[in-house]
Structures are given as C-alpha cells and as structure tokens.
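Trainee: If you scroll down you'll find the structure; I have some questions about it.
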Amino acid sequence: MKNLRDWGQARATVLLLILCLLQLIPHSKGIMLLIPDPIINATVMQNVLLSVDYTCNGTSWIQWQFMSSWKSQCIIEWKTNSYINISSSYSGRVHNYDNGSIQLLNVEVRDSGFYMITLSDEIGNIKQSTIILNVHEVRYEELYFVAVFIAFLAAGSAVLVCLMWVCNKCINICQKRKQHRRAVYCEQKTASRTHAEEIELRIISD
C-alpha cells in the first residue's frame, strides 16, 4: 500500500515537472508566409515590388531565387539583423525590406520568370513560395493610336477656331452692311425732304 502511494506521488511530481517545462518552452507556430500578389505584370524599365509578409519565431534566413526556362540564380539572401549577400548581377538593382519583400529596379523582358522565396528559422522550419513576374515591352501601337487621337483633336479644335473666326467676320460684315444701308436710307430720306422743301419754297415764291 505504501509502495502504491509513493508511486502515485512520484508520478504526480513527474507530471508537474513536465508541465513546468512545457510552460518554459516557447510555443512555436512555425513560419507563416503571405503572398498578396502571386502574379505581377510590368513593363520595361519599371520598378517592381515582390511583396511578401511573414511571421517567424526567432532569427530567420531569407533567400530569393530567380528561375526561368534557361537559368536559375540566387538573387539575394540575408539573415535578420545580420549579414546580407547580393548577387553581382543584381548589384544596384535590388533592395530588400524587413518584411521579406524585395524591389527590382528597371526590369527588362529577360527578368520574366519565377521568383521563389525560401524562409527558414533556427528550429529548422522551412517555408517556400513563388511569385510569377511577366515583363512586357511598351506597346508602340497604343502610343501611336494616342498620338493620332491627340492630333485629330488638335485638328478639330483648329477647324472649330477657324469656323468661329469666319462666322465672326461674316457677322461683322453683315452689321457693317446694315449700318451702311441705314446711313444711305437716312441720307436719301433727308435729301428727299430737302428736295420737297425746295419745291414748296418755289411754289410759294411763284
């Protein structure tokens, strides 16, 4: 009976010790990685942000790789609050941010492809995700259409201005003609009155 009681006390002590150890160990949820825009479309010479957001317990290692049908290359890798390594071919063209995002400057068509981010922590948890970047050349056909449209609007505006100028001239000419007719009519009327008065004076004098 005494042995059973001692065994029960020992088991309770062990369980209490385990519970205490579990409280001391940090609860690790691993790595959580969020990709807001998995597919990005851009044009040549544009700055592109490969946006991500992550949560990680402790120190994290971040690596970005570029993969296409013709090559695979490491772009940048860094450890939080520690070192950073940038590939020589991307020197001056890439910026990294604390949330794991990177920005590519002056992208070209050859930058189209898959961009894979790899996150790892001290415990050994690893998380990977991919962003697809499509870089297109500037469509000169659209620019040509816009230029033609602007030229058409300018020509139409010029025609309207000319029509307004012609209409204004015509109105001025019509007004001058009316004024001239009125002046002639007044002169004729005055002359007829004068002539009538002269005739009356002759009749009276006779």
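Just so it is clear, none of the values below were taken in a lab; they were calculated from the coordinates. Quick caveat: nothing in here was measured; it's all calculated off a predicted structure. As a convention, Cβ positions derive from the backbone with ideal geometry for all residues, glycine included, and neighbour counts pool all protein chains shown.
Trainee: Run the numbers on the stretch 68-179 and let me know its relative contact order in percent, using alpha-carbon pairs under 8 Å that are six or more apart. Before the final figure, lay out the partial values.
Mentor: Values: 73 pairs, mean separation 16.1, N = 112.
In percent, rounded to a whole number, it is 14.
Trainee: Given R₀ = 25 Å, what would the calculated FRET efficiency be for V44 paired with W70, taking r from the Cβ atoms and rounding to 0.05?
Mentor: 0.85
Trainee: Give the calculated FRET efficiency between I150 and K178 to the nearest 0.05, with a Förster radius of 45 Å applied to their Cβ-Cβ distance.
Mentor: Numbers: r = 42 Å, r/R0 = 0.94.
Taking R0 as 45 Å, the efficiency between I150 and K178 is 0.60.
Trainee: Using 0.36 nm times the number of residues separating I132 and S157, minus their current alpha carbon distance, what extension gain do you get?
Mentor: That works out to 4.4 nm of additional length.
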